[in-house]
Every structure is written in C-alpha cells, then in structure tokens.
1. Applying the selection to segment 1-57, what residues are without any contact (Cβ under 8 Å) to a residue 40 or more places away in the chain, charged (D, E, K, R) and assigned to a helix (DSSP H, G or I)?
2. Taking the condition of being over 14 Å from Lys40 (Cβ atoms) and either at pLDDT below 95 or in a helix (DSSP H, G or I) (or both), how many residues in segment 58-81 meet it?
3. Tell me which residues, restricted to segment 51-92, are closer than 28 Å to Asp6 by Cβ and surrounded by 15 or more Cβ atoms within 10 Å (Cβ to Cβ).
4. Consider only pairs whose beta carbons are under 9 Å apart and that are at least six residues apart or on different chains; among these, list those whose first residue lies in segment 95-106 and is in contact (Cβ under 8 Å) with a residue 24 or more places away in the chain and whose second residue is among the basic types (Lys, Arg).
5. Condition first: touching a Gly at 6+ places or on another chain (Cβ under 7 Å) and among the charged types (D, E, K, R). Now tell me which residues in segment 73-111 satisfy that.
6. May I ask you to list the residues in segment 114-151 that are crowded, with 17+ Cβ neighbours inside 10 Å, out of contact with any Cys (no Cβ under 9 Å at 6 or more places or on another chain) and either of a type in the set (Phe, Trp, Tyr) or in a loop (DSSP other than H, G, I, E, B) (or both)?
7. Just to verify a result, which residue in segment 43-91, among those that are in contact with a Lys or Arg (Cβ under 6 Å, 6 or more places away or on another chain) and among the aliphatic types (A, V, I, L, M), is farthest from Ile128 (Cα to Cα)?
8. I'm trying to understand the selection: among the residues of segment 1-49, which are surrounded by 15 or more Cβ atoms within 10 Å (Cβ to Cβ) and of a type in the set (Gly, Ala, Ser)?
Amino acid sequence: MTARLDYIKAAPDAFQAVLALEQYLASQSGLEPRLIHLLKLRASQINGCAYCVDMHTKEARKDGLSEQWIALVSVWREASIFDDRERALLGWTEALTRISTSGAPDTDYAAMQAHFSDNEIAKFSVAIGVINIWNRLAVGFRTPHAIDAAA
C-alpha cells in the first residue's frame, strides 16, 4: 500500500484542530481511558483502519488492558468479558459509526442513558466522531501502520 497524501503537511491547521479535540478528550473530558480505548478500537475495526487498530491496540495494552479484552472487542456481542456499560458504549459506537444505515436507534441511546449521564453521552459521541475523522484520514490517504516484527 502506498500513502496518497501526508494530510498533516497538506493541512496542518485542520490537523491541529482535530488534535485539539483529541487532547481535550484525553485530558479534560473526565471520560474513563478504558472506555475511550474501547470506542476507538471498535470504530477503527468497523472502518477497516489498520493504522488506528494497530495504534489503539498498543495504547490499550500499554494502559494495562488485557490481551483477551482487546482481542474480543471485534466480537463483543458474543464475548462475556464486557460489562453492561461497555456493551452500551459498543452499541452506541457502532450506531454512530454506521449512522447512514443505523439511524442511531432509540434502543442504543436508551442503553447509553441507563449507564451514563447526558454529559458523558455527549462527550462519548464527540469521541466517536473524532475517531471516525482519524479513520477517514488514515484510510482515505492510505496511512501505513507500523510493522513491529514478523509473525
């Protein structure tokens, strides 16, 4: 795969704007890092973003999340490792990432309301939007992921 465009160099002001949102979510939003890892990894899987799946898997591992928890994100509906809060967020992440087909159903929103405040729901929705921006940049411009070691 050949990279198409270095979007950071092509539009540094746009990159900085998205990065500012990312930094807010990481340091000022008050959202649990574990849940941010969860939504980033799931949205990146849905969007087929190898760069972001690689990055967010490594970040989740670095922050102490288990290999099993990380590996089962892609099959979360069948995996018993995820609690009700995580399941609500995974469903909402899928609904917003696939919004053109999901329409963000009331059932997914109700699951979020059962576990999170309005403030948290709004912030998680921003986080889902931000990872979808990164996914679109990385996939659209064919940003290659690192290769750490051969299998």
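The values are calculated or read from the model by the stated rules, or taken from the named source; none is laboratory data. Keep in mind that this is a model prediction, so the values were computed, not measured. Cβ coordinates were reconstructed from backbone atoms using ideal geometry, including for glycine residues, and neighbour counts include every protein chain displayed.
1. The answer is Lys9, Asp13, Arg34.
2. Qualifying residue count, segment 58-81: 4.
3. Selection gives Tyr51, Cys52, Val53, Asp54, Met55, His56, Thr57, Glu59, Ala60.
4. If the second residue must be among the basic types (Lys, Arg), the pairs left are Thr97/Arg42.
5. Passing the criteria: only Asp108.
6. Within segment 114-151, Phe116, Phe124 qualify.
7. Ranking the candidates gives Val73 first.
8. Passing the criteria: Ser29, Ala43, Ser44.
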